[in-house]
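Asker: I have a structure I would like to understand better, so I am pasting it below and will then ask my questions one at a time.
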């Protein structure tokens with residue numbers, strides 16, 4: 001003889017009190033909660049404050065990016081403002097997405113590093129932000145800032161960053177990397193040349 | 001007769017324009033209200049650029065409704081191979097048209113005297129006055145139910161003729177759910193019919209212009225608070241919106257009875273839903289919230305409870321009544337959107353048992369108590 005099906009009782013079986021079973025009071029409570037949130041947020045919007053948790057992208061930057069977040073690329077500069085890059089193409093070689101394009105130039109007057117980039121461009125429509133270019137660089141010429149590049153566009157052709165846009169940061173003030181003329185062990189470095 | 005024609009053409013243009021406007025604006029209100037309720041910003045990227053300039057008008061995302069409409073119009077109108085092409089093509093219109101027609105009997109303002117409004121036309125109008133209501137039918141409320149019953153046929157036609165099992169299930173669900181709640185809706189309104197002694201909506205609203213007990217506005221919600229709650233619930237279920245959106249429950253039925261519809265045919269279903277929000281708002285306002293009446297206001301101005309009066313010109317009264325009606329409708333619409341973004345969806349068997357085992361007995365009890373009270377108030381057994 002077949003035994004009738006008995007439903008399994010779970011340890012977290014939901015229970016409803018009589019008040020909750022009456023349904024209408026709980027619905028009213030829910031409506032009060034949601035309309036309360038609505039009125040609070042509307043009050044904030046009307047008084048000129050922001051009534052949402054959303055961050056406008058790309059107009060606003062989130063404040064809680066991790067300090068080590070791999071975001072937009074930065075080309076470091078020498079004290080004279082030239083890029084630190086020696087156009088060795090190691091970053092472009094290691095790049096798994098093949099987004100870095102470098103055109104090298106040659107300057108005999110600068111005997112310490114005669115090779116320099118004429119063009120240094122990154123296609124952010126394909127960049128995967130892996131940071132391998134930063135690790136491959138022998139000259140510490142490319143780093144990644146924590147901010148995102150902020151390049152949303154309808155057109156992929158618009159999503160390239162050129163050298164001018166990446167040369168935004170002069171690390172003379174960076175204590176971790178002293179430069180000639182910035183004090184510290186700059187003399188030792190200068191002697192190497 | 002030409003005068004009548006002019007006035008009613010203006011009325012019809014106003015009504016259609018108002019409903020279309022509500023249908024468009026409510027998509028925006030729904031998005032924005034939902035966003036603000038859940039700590040978001042909401043759609044705010046669509047813009048209109050003034051030609052030859054770089055000035056982009058965003059206006060808090062109001063243009064997203066236009067973007068939606070254009071998208072619906074230019075999308076591919078995919079036609080399924082169905083055995084009943086005619087029913088498939090006509091179903092969106094069967095849903096859409098009655099929704100517009102219902103507004104014909106709803107009064108959206110008090111008495112209008114065009115001669116007083118435009119003195120230069122006074123001679124031509126010859127002192128005629130018009131109620132601001134397109135059709136002053138004695139059977140107004142019955143017409144409302146007759147036409148809103150037609151939308152059931154549209155939903156079922158769409159479900160049947162799409163040759164898709166999801167659509168068929170959605171159509172079946174729509175049919176049984178809407179018929180059940182139509183009944184509850186009718187029963188809740190019967191109490192009001194007993195009290196006001198008429199089914200003419202214009203007359204109902206005029207009876208709601210006074211006061212009860214000297215200070216309470218004589219609105220339907222004061223006489224029938226319980227029926228107001230039941231009516232609102234049944235109306236939301238009738239409109240198939242969350243928490244009663246079982247006919248189009250996307251997690252179960254993709255889009256229910258309009259799964260096979262695309263482009264503007266699908267847009268018509270959506271637009272009909274938003275216009276029906278406005279229609280429910282207008283109906284609830286008319287039946288329970290005193291229509292265009294403000295408390296203590298009559299056709300000559302305000303009469304405060306203390307006995308002091310505040311006279312208003314005819315033009316000011318007309319404009320106030322129109323605006324008050326629109327504001328009340330907007331508040332009720334906003335409440336429906338609040339409900340939609342607060343409550344989770346029912347299970348399907350719960351929807352039907354809620355209608356037949358919970359709301360129907362309550363509506364009947366409400367009707368019985370109202371009947372007894374009205375009977376005793378009118379002199380009892382005598």
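Asker: What single numbered condition from (1) at pLDDT 85 or above; (2) more than 27 Å from residue B:137 (Cα to Cα) fails to hold for residue B:214?
Answerer: The one condition residue B:214 does not meet is (1).
Asker: Return the residues of the range B:238-247 that are farther than 18 Å from residue B:148 by Cα and surrounded by 24 or more Cβ atoms within 10 Å (Cβ to Cβ); say none if nothing qualifies. Show your work before the answer.
Answerer: Initial filter on the range B:238-247 (farther than 18 Å from residue B:148 by Cα): B:242-243, B:246.
Selection gives B:246 alone.
Asker: Tell me, please, whether a residue that is within 14 Å of chain A (Cβ to nearest Cβ), in a helix (DSSP H, G or I) and modelled with pLDDT of 85 or more can be found in the range B:14-29. Can you show your working first?
Answerer: Taking the range B:14-29 first, the residues within 14 Å of chain A (Cβ to nearest Cβ) are B:29.
Still in the list and also in a helix (DSSP H, G or I): B:29.
Those left that are additionally modelled with pLDDT of 85 or more: B:29.
Checked the range B:14-29: at least one residue is within 14 Å of chain A (Cβ to nearest Cβ), in a helix (DSSP H, G or I) and modelled with pLDDT of 85 or more.
Asker: All but one of (1) more than 19 Å from the chain's Cα centre (by Cα); (2) within 14 Å of residue A:166 (Cβ to Cβ); (3) part of a strand (DSSP E or B) hold for residue A:105, so report the exception by its number.
Answerer: Among (1) more than 19 Å from the chain's Cα centre (by Cα); (2) within 14 Å of residue A:166 (Cβ to Cβ); (3) part of a strand (DSSP E or B), the lone unmet condition for residue A:105 is (2).
Asker: What are the residues in the range B:67-88 that are part of a helix (DSSP H, G or I), touching a residue at least 24 places away in the same chain (Cβ under 8 Å) and surrounded by 14 or more Cβ atoms within 10 Å (Cβ to Cβ), if any?
Answerer: Once the filter is applied, which keeps residues that are part of a helix (DSSP H, G or I), touching a residue at least 24 places away in the same chain (Cβ under 8 Å) and surrounded by 14 or more Cβ atoms within 10 Å (Cβ to Cβ), the range B:67-88 yields B:68, B:69, B:72, B:87, B:88.
Asker: Out of B:33, B:131, B:54, which single residue is under 20 Å from residue B:329 (Cα atoms) and surrounded by fewer than 18 Cβ atoms within 10 Å (Cβ to Cβ)? So that I can check it myself, show each step before the final result.
Answerer: Working: B:33 fails: surrounded by fewer than 18 Cβ atoms within 10 Å (Cβ to Cβ); B:54 fails: under 20 Å from residue B:329 (Cα atoms).
The conditions single out B:131.
Asker: Next question. Do we find that residue B:137 is in contact (Cβ under 8 Å) with a residue 40 or more places away in the chain, part of a loop (DSSP other than H, G, I, E, B) and closer than 30 Å to residue B:111 by Cα in this structure? Steps first, please.
Answerer: Working: in contact (Cβ under 8 Å) with a residue 40 or more places away in the chain: yes; part of a loop (DSSP other than H, G, I, E, B): yes; closer than 30 Å to residue B:111 by Cα: yes.
Answer is yes for this residue.
Asker: With B:142, B:194, B:150 as the choices, which residue is under 17 Å from the mean Cα position of the chain (by Cα), within 19 Å of residue B:367 (Cα to Cα) and surrounded by fewer than 20 Cβ atoms within 10 Å (Cβ to Cβ)?
Answerer: Working: B:194 fails: under 17 Å from the mean Cα position of the chain (by Cα); B:150 fails: within 19 Å of residue B:367 (Cα to Cα).
Exactly one residue qualifies, and that residue is B:142.
Asker: Quickly run through the range B:38-60 and pick out the residues that are within 13 Å of chain A (Cβ to nearest Cβ) and at positive phi. I'd like the intermediate steps shown before the answer.
Answerer: The initial filter retains those residues of the range B:38-60 that are within 13 Å of chain A (Cβ to nearest Cβ), namely B:38-45, B:58, B:60.
Result: B:39, B:42, B:60.
Asker: Would you point out the residue of the range A:1-25, among those that are in a loop (DSSP other than H, G, I, E, B) and surrounded by 10 or more Cβ atoms within 10 Å (Cβ to Cβ), that is nearest to the other protein chains (Cβ to nearest Cβ)?
Answerer: Quick first cut of the range A:1-25, residues in a loop (DSSP other than H, G, I, E, B) only: A:1-17, A:22-23.
Still in the list and also surrounded by 10 or more Cβ atoms within 10 Å (Cβ to Cβ): A:16, A:22-23.
Details: A:16: 14, A:22: 11, A:23: 9 Å.
Ranking the qualifying residues of the range A:1-25, first place goes to A:23.
Asker: Turning to a different aspect of this structure: Can you find even one residue in the range B:316-326 that is away from chain A (no Cβ under 14 Å) and either at pLDDT below 80 or within 22 Å of residue B:246 (Cα to Cα) (or both)?
Answerer: So the first thing to find is which residues in the range B:316-326 are away from chain A (no Cβ under 14 Å), and the list is B:316-326.
Okay, now just the ones that are also either at pLDDT below 80 or within 22 Å of residue B:246 (Cα to Cα) (or both), so none.
No, every residue in the range B:316-326 fails to be away from chain A (no Cβ under 14 Å) and either at pLDDT below 80 or within 22 Å of residue B:246 (Cα to Cα) (or both).
Asker: A further question on this structure: For residue B:35, state whether it is within 14 Å of another protein chain (Cβ to nearest Cβ), outside any helix (DSSP H, G or I), free of Cβ contacts under 8 Å to residues at least 24 places away in the same chain and on the phi < 0 side of the Ramachandran plot. Before the answer, list the steps.
Answerer: Details: within 14 Å of another protein chain (Cβ to nearest Cβ): yes; outside any helix (DSSP H, G or I): no; free of Cβ contacts under 8 Å to residues at least 24 places away in the same chain: yes; on the phi < 0 side of the Ramachandran plot: yes.
So residue B:35 does not fit the description; no.
Asker: OK, next. Assess whether residue A:66 counts as being touching a residue at least 24 places away in the same chain (Cβ under 8 Å) and over 20 Å from residue B:38 (Cβ atoms). Lay out the reasoning, then the answer.
Answerer: Details: touching a residue at least 24 places away in the same chain (Cβ under 8 Å): yes; over 20 Å from residue B:38 (Cβ atoms): yes.
Spelling it out, residue A:66 is indeed touching a residue at least 24 places away in the same chain (Cβ under 8 Å) and over 20 Å from residue B:38 (Cβ atoms).
Asker: Still on this structure, please answer the following. Scan the range A:101-119 and report the pairs whose first residue is assigned by TED's automatic domain parsing to the domain that holds residue A:79 and without any contact (Cβ under 8 Å) to a residue 12 or more places away in the chain and whose second residue is loosely packed, with under 12 Cβ neighbours inside 10 Å and part of a strand (DSSP E or B), with Cβ atoms within less than 7 Å and a gap of 6+ or a chain change.
Answerer: A:114/A:106
Asker: Still on this structure, I have one more. Just give me the residues in the range A:26-83 being at the interface with chain B (Cβ under 7 Å from one of its Cβ atoms) and not in a helix (DSSP H, G or I), in sequence order.
Answerer: A:51, A:52, A:53, A:54 - these are the residues of the range A:26-83 that are at the interface with chain B (Cβ under 7 Å from one of its Cβ atoms) and not in a helix (DSSP H, G or I).
Residues checked against (1) closer than 24 Å to residue B:164 by Cα; (2) out of contact with any strand residue (DSSP E or B) (no Cβ under 7 Å at 6 or more places or on another chain); (3) surrounded by fewer than 24 Cβ atoms within 10 Å (Cβ to Cβ); (4) more than 14 Å from chain A (Cβ to nearest Cβ):
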residue	(1), (2), (3), (4)
B:236	no, yes, yes, no
B:251	yes, yes, yes, yes
B:256	yes, yes, no, yes
B:260	yes, yes, yes, yes
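Every residue, every condition in (1) under 30 Å from residue B:203 (Cβ atoms); (2) part of a helix (DSSP H, G or I), yes or no:
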{"position": "B:243", "(1), (2)": "no, no"}
{"position": "B:257", "(1), (2)": "no, yes"}
{"position": "B:266", "(1), (2)": "no, yes"}
{"position": "B:269", "(1), (2)": "no, yes"}
{"position": "B:280", "(1), (2)": "yes, yes"}
{"position": "B:291", "(1), (2)": "yes, no"}
{"position": "B:306", "(1), (2)": "yes, no"}
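Asker: Do we have residue B:117 as modelled with pLDDT under 80, more than 30 Å from residue B:262 (Cβ to Cβ) and crowded, with 18+ Cβ neighbours inside 10 Å here? Step through it out loud before you land on a result.
Answerer: Numbers: modelled with pLDDT under 80: yes; more than 30 Å from residue B:262 (Cβ to Cβ): yes; crowded, with 18+ Cβ neighbours inside 10 Å: no.
No.
The values are calculated or read from the model by the stated rules, or taken from the named source; none is laboratory data. Note that the coordinates shown come from a computational prediction; the quantities given were computed from them, not determined experimentally. With ideal geometry, Cβ positions are generated from the backbone for all residues, glycine too; neighbour counts draw on all protein chains shown.
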